[in-house]
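Have a look at the structure below, then the notes.
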Amino acid sequence: MSHFTAINLIGRPHGPIGPDLFEVVQKPIPTPNAGEFLVRQTHMSLDPAMLGWMSPDTESYIPPVELGTVMRSSGLGEVVESNHPDFAVGDRAMGMFGWQEMAVSNGKGVNKVDASLPPEMLLSVFALPGLTATQGLYNIGKPQAGETIVVSGAAGSVGSIVGQLAKADGLTVIGVVGSKAKADWITNELGFDGAINYKTDDLNAKLDELAPNGIDLYFENTGGPIQHSVFDRMNAHGCIIVCGMIADYTASQPSPGPNWMNIIRKRLLIQGFTMPDHLHKAPELLAKLTPYVQQGKIKYRAHTLEGLESAMTGLNLFFSGENHGKLIVKL
């Protein structure tokens, strides 16, 4: 094999994500220079943040993917050739390798991982989802036993970990999801105290039922109507951790936010965050997360798509809610 397949971004999204936004290309396999190594990617992560990376917004937390270049993504692979002192042939590595079968790296932002762990666990728990959940919940939310937390997108890769961590620490955990199956999963399998199906339930009535004493923490992944309902029920000195707003990622006009009066009345802390600001803390975040995993307190499930080109339509599963677990592409 002298060439490998890569997928370039060639258009900006204005609706459903499809092959018309991408170009499948063949590239010659490169030879790593001194201080570099070559990775053959085996598994690739699909994340909601990609929808923002594809937009032309230059004022975001990370520059948009340039048209005509490989689509950005994180993934897992095996080192097949190395001129780097810290990476040997056969090592398993995780990093931002992009939508391509092979990638050359100088090691920056790439971590060696335990080859004995399943790829699905590595990408579902120890990669961006777990780091994001840990950073947002503990370093911003600072949860205390006995508090009540609401998590939107609760069956997603980040939300499901947030809820399980909070439950393990003695909080009352309420998850917002988009189907009965997901509601059953987070309550029956993950141990959430309650679930709200935003498509069928009366949001206000369910929140009154499940959080009669108000809400102390809100981990926001989606935006939408639930945001208003939770905001109105926040307790004094509560905290809203804003991780994602998938309901607005491709909207022509952002949905109106709640009136800020309650921020003053309730002395609320509202903080947005993105992981590129915190990736240097990955070792301490993993040190916090790993014991929960070792104690069996963190469960996960992966939704695996087959083949690199499945990524071109797979992103739409975030909008439809048809993904069941961490979205992964197996190459």
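The values are calculated or read from the model by the stated rules, or taken from the named source; none is laboratory data. Note that the structure is predicted; figures quoted are calculated from it, not measured. Note that each Cβ is placed from the backbone with ideal geometry, even for glycine, and that neighbours are counted across all protein chains shown.
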What's the number of the condition Gly191 fails, among (1) more than 20 Å from the chain's Cα centre (by Cα); (2) modelled with pLDDT under 95; (3) of a type outside the set (Val, Ile, Thr)? (2)
Mind listing whichever residues of the stretch 25-51 are in contact with a Gly (Cβ under 7 Å, 6 or more places away or on another chain) and part of a loop (DSSP other than H, G, I, E, B)? Leu46, Pro48
Would you check if there is a residue in the stretch 108-131 being assigned to a strand (DSSP E or B), surrounded by fewer than 21 Cβ atoms within 10 Å (Cβ to Cβ) and touching a residue at least 12 places away in the same chain (Cβ under 8 Å)? yes
Out of all the residues in the stretch 68-90, which are out of contact with any helix residue (DSSP H, G or I) (no Cβ under 9 Å at 6 or more places or on another chain) and either closer than 18 Å to Asn33 by Cβ or surrounded by 21 or more Cβ atoms within 10 Å (Cβ to Cβ) (or both)? Gly77, Val79, Val80, Glu81, Ser82, Asn83, His84, Pro85, Asp86, Phe87, Ala88, Val89
Gly141 meets each of (1) modelled with pLDDT under 95; (2) over 18 Å from Val329 (Cα atoms) with one exception, condition (1)
Residues that are closer than 18 Å to Asp47 by Cβ, at pLDDT 95 or above and either touching a Ser or Thr at 6+ places or on another chain (Cβ under 7 Å) or among the hydroxyl-bearing types (Ser, Thr, Tyr) (or both): does the stretch 307-325 have at least one? yes
Counted residues, the stretch 252-278 - those being part of a helix (DSSP H, G or I) and exposed (fewer than 14 other Cβ atoms within 10 Å of the Cβ): 5
Name the residue, out of Ile298, Ile264, that is free of Cβ contacts under 8 Å to residues at least 60 places away in the same chain and hydrophobic (A, V, I, L, M, F, W, C). Ile264
Selection over the stretch 52-100 where residues are in a loop (DSSP other than H, G, I, E, B), polar (S, T, N, Q) and touching a Phe, Trp or Tyr at 6+ places or on another chain (Cβ under 9 Å) yields a count of 5
Got at least one residue in the stretch 148-164 being in contact with a Gly (Cβ under 9 Å, 6 or more places away or on another chain) and more than 23 Å from Glu322 (Cα to Cα)? yes
Return the pairs, sorted by first residue and then second, in which the second residue is among the aliphatic types (A, V, I, L, M) and not in a loop (DSSP other than H, G, I, E, B), the first residue lies in the stretch 87-102 and is free of Cβ contacts under 8 Å to residues at least 60 places away in the same chain and closer than 11 Å to Val70 by Cα, the beta carbons are less than 7 Å apart, and the residues are 6+ apart or on different chains. Phe97/Val39; Phe97/Ala103
Set Gly178, Gly272: member being closer than 30 Å to Lys108 by Cβ and outside the structural domain of Arg12 (by TED's automatic domain parsing): Gly272
Considering only the stretch 182-196, state which residues are part of a helix (DSSP H, G or I), out of contact with any strand residue (DSSP E or B) (no Cβ under 7 Å at 6 or more places or on another chain) and crowded, with 16+ Cβ neighbours inside 10 Å. Lys182, Trp185
Would you check which residues across the stretch 166-181 are in contact with a strand residue (DSSP E or B) (Cβ under 9 Å, 6 or more places away or on another chain) and either surrounded by 24 or more Cβ atoms within 10 Å (Cβ to Cβ) or under 18 Å from Gly238 (Cβ atoms) (or both) and list them? Ala166, Leu171, Thr172, Val173, Ile174, Gly175, Val176, Val177
Residues of the stretch 2-24 being within 19 Å of Trp53 (Cα to Cα), in a strand (DSSP E or B) and touching a residue at least 60 places away in the same chain (Cβ under 8 Å), in sequence order, are Ala6, Ile7, Asn8, Leu9, Phe22, Val24
